[in-house]
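This is the structure I have questions about; it appears just below.
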Amino acid sequence: MLNVTVILVEPENEGNLGAIVRLMKNFDFKKLIAINPQIDVHSNTVYARAMHGRDLLENLIQISNLTELPKFDYLIGTTARPSGDYNVLRICIGPEQLRDNLKNFDGNIGILFGREGTGLTNKEMEICDCCVHVPASKNYPTLNISHACCVLLYELFKLKEIDQNIQNRKANLIEKQTLFTFFDLILEYLNSNWAHFNEKRKINAERIFKNIIGRSFISGREAYTLNGVLRYIHLSMKRKRS
């Protein structure tokens, strides 16, 4: 069953917070985290905008920074500024692709929304598995945060009508972290034994590999097979070095 937490980084506008809470109630999402809020999350304005979603505010979790976030099988960042190929942190998928990738997923999802004024920083995007962008007019591409939240929650709400097929479950956090560990060990070997493979290329390769795994939402079976392949590559490199 899809388990989604909405995460707001330093929310700045009481009206937007209330509107997001109301939307969560509309689409049957219950978990909300506010990181270092710049407003009173229980103000009269927030409660007024939340309408029948006021009960969700009673369970809102406040934390000081990103390091206090719980672990998610997939943490999804959002941006109004997709980069194309120039910034690998902001190579994005759309809301429909996100929905399709999460079909048959049985795990914990966090959706990270940035500040109303400046969005998420690159450092904050680094911890995300993938990046989502809601397309809009080139003349005015930046959506209000509550409107962007509405689009994404609506797409994910559609999944509630789809039967879950555990046979095709998606890879969980541990399986993905194992993939990244073996890939990093291979890159360390290249960095130590190949003069043309420098630290900058290593860091870039790490991020791109994480992007590919994050955007593809690979299955548990696929992760199992890939982990086996990467493990044997790493062992072969160790034997060659010794």
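The values are calculated or read from the model by the stated rules, or taken from the named source; none is laboratory data. Every value quoted in this text rests on a predicted model; they were computed, and no experiment measured them. Using ideal geometry, Cβ is built from the backbone for each residue, glycine included, and neighbour counts are taken over all protein chains shown.
Here's the yes/no breakdown for (1) touching a strand residue (DSSP E or B) at 6+ places or on another chain (Cβ under 9 Å); (2) modelled with pLDDT under 90:
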{"residue": "Glu161", "(1), (2)": "no, yes"}
{"residue": "Ala205", "(1), (2)": "no, no"}
{"residue": "Ile213", "(1), (2)": "yes, no"}
{"residue": "Leu235", "(1), (2)": "no, yes"}
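Going through Asn191, Asn198 one at a time, which residue ends up being in contact with a Phe, Trp or Tyr (Cβ under 7 Å, 6 or more places away or on another chain), among the polar types (S, T, N, Q) and not assigned by TED's automatic domain parsing to the domain that holds Asn36?
Exactly one residue qualifies, and that residue is Asn191.
Collect the residues in the range 197-242 that are of a type in the set (S, T, N, Q), assigned to a loop (DSSP other than H, G, I, E, B) and in contact (Cβ under 8 Å) with a residue 24 or more places away in the chain, keeping them in residue-number order. Lay out the reasoning, then the answer.
Let us first name the residues in the range 197-242 that are of a type in the set (S, T, N, Q), namely 198, 204, 211, 216, 219, 225, 227, 236, 242.
Among the residues that remain, those that are also assigned to a loop (DSSP other than H, G, I, E, B) are: 198, 242.
Selection gives nothing.
Checking the condition more than 20 Å from Thr79 (Cα to Cα), surrounded by 12 or more Cβ atoms within 10 Å (Cβ to Cβ) and of a type in the set (Asp, Glu), which residue from Glu124, Glu199, Glu188 passes?
Among Glu124, Glu199, Glu188, only Glu188 is more than 20 Å from Thr79 (Cα to Cα), surrounded by 12 or more Cβ atoms within 10 Å (Cβ to Cβ) and of a type in the set (Asp, Glu).
Using the structure shown, decide if Ile145 is modelled with pLDDT under 90, hydrophobic (A, V, I, L, M, F, W, C) and assigned by TED's automatic domain parsing to the domain that holds Asp28.
In short, no.
Leu173 - would you say it is surrounded by 17 or more Cβ atoms within 10 Å (Cβ to Cβ), among the hydrophobic types (A, V, I, L, M, F, W, C) and within 28 Å of Gly94 (Cβ to Cβ)?
So Leu173 does not fit the description; no.
Could you grab me the full set of residues in the range 103-124 that are in a strand (DSSP E or B) and either closer than 17 Å to Ala34 by Cβ or not assigned by TED's automatic domain parsing to the domain that holds Leu75 (or both)?
Across the range 103-124, the qualifying residues are Gly110, Ile111, Leu112, Phe113, Arg115, Gly119.
If you don't mind, another one. Consider the range 86-98. How many of its residues are of a type outside the set (A, V, I, L, M), part of a helix (DSSP H, G or I) and more than 13 Å from the chain's Cα centre (by Cα)?
2
Loosely packed, with under 14 Cβ neighbours inside 10 Å, closer than 22 Å to Arg99 by Cβ and at pLDDT below 95: does that describe Met1?
Spelling it out, Met1 is indeed loosely packed, with under 14 Cβ neighbours inside 10 Å, closer than 22 Å to Arg99 by Cβ and at pLDDT below 95.
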